[in-house]
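Notes follow the structure.
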Amino acid sequence: MLDSPEISDAEYDTMMRELKALEDEHPELLTPDSPTQRVGGKPREGFVKVPHSSAMLSLDNALNETELRDFDRRVRDLLGGEEFHYVAELKLDGLSLAAHYREGQFAQAITRGDGATGEDVTENARTIRSIPLKAGRASLEVRGEVLLNRRAFEKLNAERMAAGQPPSPNPRNAAAGSIRLLDPKIAASRRLDFYPYFLFPAPATQTETMEALTSLGFKVNPHWRVCTDVGALLEFCDEWERKRDSLPYEIDGVVAKVDRADQQQRLGWTAKAPRWAIAFKFPAQQKETTIVGVRFQVGRTGTLTPVADLEPVSVGGVVVSTSTLHNQDEIERLQVQINDRVLVERAGDVIPKIVRKVADGNNRRPIEMPTACPVCGGEVVRAEGEAATRCINTNCPARLKESILHWAARGVMDIDGLGDALVDQLVDTGLVKNVTDLYGLRLEALVDLERMGKKSAEKLLANIERSRRAPLPRLLNGLGISFVGERTAQILAETFGDLDKIAAASEEELQKAEEVGPKVAGSIRRFFEERHNRSLVEKLRAEDFSFTYAITRKTGALTNLTFVLTGALPTLSRDDAKVLIETAGGKVAGSVSKKTNYVVAGEEAGSKLDKARELGVAVIDEARLLELLG
């Protein structure tokens, strides 16, 4: 348990089996702190939320020597020149956990969560050998860090890759994922470690805390030191920044704490962090490597992301072989090509990032964005003024789940019960390959899905069937056309009255609709020119969706006039003014354009007033609006 084993793992496992057999034969010998009680029973259905006894706050960061000296000066000022010293500890890169003991027996473990409330992971924590099942005789709370060491991390990733799963990006994520596994037996196989740093009831000093934790049988990290001043603290930081790769686990800095508990109390806390402690963060580690190739991933929203394949290099103890290049703008900023030598760092010691080009490579080749989606072969576009290149095929497998969730959303088709978990199952099982497949789902197929009973399935099918009656504006919104949301969909339906007319309209014709400018019109035109999207429209027609919309034009004193409201009017609210204008046959737009007839300006009118003056649009006040209304 304390990293100094006297026997091998094989011998340990043999003795464990012998103990288990003995306890089975003589149940009266079984005690709660027996090593056989570390692995729990059946997998759990979920984790219960539990409030902490006191908030688990985060720490403020110091990113350089100047900031650490600033912290030291603040402490000295607040203590009024009173003598004090620090305890310096390694900042372990893991998951914070609170372990509770009742009369010396391990009783509960809670993750940090949001600091006020965490998740009860007692059964998984019980599998961690460095968490004693018995610690003295008193009731106490111990807080610390759960880690996955580098060797266990490499073993886990090898197993994941062999099973066709993506590797975990870093030991911290792997530790967090392991402690939250629903099956304690799998969690036990990960060989997690727990290093404590806090004890309650608290001793008089942090030094005594570390010594007390050791005497209780905890695996206290041995690399801590009492520092009499900030100079000694900086020496400790420098030493472990140089030696960090020699450790079997990840660290990303040093934590400095004022030693005496009474001085900690006087220094106090801010809303988010204690004033008596700080985390000195090491700079990101950097290494040189070569870009050996580039591939393109398609995200849930259709965005194409270039990912550089790198010659594998160890950065901070983690082998880095890929790094995102984000988009075409980032490639041009870095001026990198395939085969170039580049400098790589792990941003925040987690995410690999290409910092800059070091040298041009031999036989370098430019990195070019695809002209077709690498997943579905559909058209890709990069809208003017945007960095992202996107696949515009709504039914592209890479973005299908997001498209279905958007289709089912409130304000679109409003299909209650069609959430993330169910959509994942429908797509992963092949039951739904585009949104129109929702309308062919059968009860017998749904009830076979996980956590889907007959009543839930019947209710879902009824909600799906009801969505067929959605009016054209909702159908337009559901198609997922870039820049076409609820309001623009309504305007298009009211202007054209027919989906086929919208699909056939030129960009110039589309811009005749209120609030539809060149950017929106171009996006609509590209959507309907894409063959996969045209196919989707025909499938929706076959499902008997309404493609037409009854245009009801109100007539009155303001017929064919367009208004924009800005600022606070003397007596009318903006909603009241909008109702009056629309009742009189006018339109209220959200932005000023050449199509605007009047801008109604009140107090504190903003940029819309400036835009009106720039375009020469008539500006009126509330009194003049009421005159026009008659």
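Miscellaneous remarks
- The calculated FRET efficiency for the pair residue 202 and residue 232, based on their C-beta separation and a Förster distance of 22 Å, comes to about 0.40.
- As a rough footprinting exposure proxy, the listed residues 548, 429 were ranked by other beta carbons within 10 Å of their own, and the order from fewest upward is 429, 548.
- Under a model in which nothing but the beta-carbon of Lys, Arg (+1) and Asp, Glu (-1) is charged, the chain shows a dipole of about 1300 debye around its Cα centre.
- Projected onto planes of every orientation and averaged, the convex hull of the alpha-carbon atoms in the stretch 415-469 covers 3.4 nm².
- Using θ = phi - 60° and Karplus 6.51 cos²θ - 1.76 cosθ + 1.60, couplings along the stretch 524-539 (whole Hz; Gly, Pro as x): 5, 4, 5, 4, 7, 7, 6, 5, 5, 6, 5, 4, 4, 4, 5, 5
- Fraction of the pair-distance distribution of the stretch 234-291 above 14 Å, Cα-Cα pairs, percent: 66 percent
- A cut-off of 5 Å between modelled amide H atoms, ignoring neighbours fewer than 5 places along the same chain, links residue 293 with 309, 339.
- Nearest-0.05 FRET efficiency for residue 364 and residue 286, computed from C-beta distance (R0 35 Å): 0.95
- In sequence order, calculated HN-Hα J values of the stretch 495-505 (Karplus, 6.51, -1.76, 1.60; Hz; x Gly/Pro): 7, 9, x, 7, 4, 5, 5, 5, 5, 8, 5
- Whichever lysines have a C-alpha closer than 26 Å to that of residue 219, once near sequence neighbours (fewer than 8 apart) are set aside: 20, 91, 134, 155, 185, 243, 257, 281
- Of the two radii for the chain, the radius of gyration is 1.06 times the Kirkwood radius, both from the alpha carbons; that is the Rg over Rh value.
- In range of the label at residue 607: residues from the stretch 567-596 whose backbone nitrogen is under 17 Å from the point 7 Å along Cα→Cβ: 567, 590-594
- Size descriptors for the stretch 510-630: radius of gyration and Dmax over Cα atoms are 18.3, 52 Å.
- Phi angles of the stretch 380-385 translate, via the Karplus equation with coefficients 6.51, -1.76, 1.60 and θ = phi - 60°, into HN-Hα couplings of 10, 9, 10, 5, 4, x Hz per residue; Gly and Pro are given as x.
- Using only alpha-carbon positions in the stretch 466-563, the gyration tensor eigenvalues give semi-axes of 23, 17, 11 Å once each is multiplied by 5 and square-rooted (largest first).
- Ascending count of other beta-carbon atoms within 10 Å, so fewest first, for 245, 252: 245, 252
- Low-density loop positions, chymotrypsin sites (Phe, Trp or Tyr not before Pro), the stretch 544-608 - DSSP coil, at most 13 other Cβ in 10 Å: none
- Taking amide H positions as modeled 1.01 Å from N, with prolines and chain starts lacking one, the residues under 5 Å from residue 356 and 5 or more places away or on another chain are 343.
- For the chain, the longest site-free run once GluC sites (Glu not before Pro) in DSSP loop states with at most 14 other Cβ atoms within 10 Å are removed: 104-367
- The stretch 35-281, Cα convex hull volume normalised per residue, Å³: 129 Å³
- Neighbour counting of Cβ atoms within 10 Å sorts the residues 452, 56, 413, fewest neighbours leading, into 452, 56, 413.
- Share antiparallel - DSSP beta bridges, the stretch 562-629, percent rounded to 5: 10 percent
- The residue list 489, 338, 313 was ranked by how far each Cα lies along the charge dipole of the chain toward its positive end, using unit charges on Cβ atoms, and 489 comes out on top.
- Between residue 341 and residue 150, the C-beta separation translates, for a Förster distance of 35 Å, into a calculated FRET efficiency of about 0.85.
- Nonlocal amide H pairs with residue 118, under 5 Å, H built at 1.01 Å: 50, 52
- Point-to-point label distance, residue 371-residue 445, nm (Cα→Cβ direction, 7 Å offset): 3.7 nm
- Comparing the stretch 383-528 with the 2.2 N^0.38 Å rule of thumb, its C-alpha radius of gyration ratio is 1.15 (two decimals).
- In this structure, the pairs whose alpha-carbon distance is over 23 Å, taken from 587/611; 433/539; 433/501, are 433/501.
- Beta bridges assigned by DSSP with both partners in the chain are antiparallel in approximately 85 percent of cases.
- Put a dot 7 Å past the Cα of residue 525, heading toward its Cβ, do the same for residue 225, and the two dots end up 6.9 nm apart.
- Anisotropy class of the stretch 288-359 from Cα gyration tensor, a/c 1.5 cut: oblate
A short reminder: the numbers here are calculations on the coordinates, not readings from a lab. Remember, predicted model here, so these are calculated numbers, not experimental data. Neighbour counts are summed over all protein chains in view; Cβ atoms, including those assigned to glycine, are modelled from backbone coordinates with ideal geometry.
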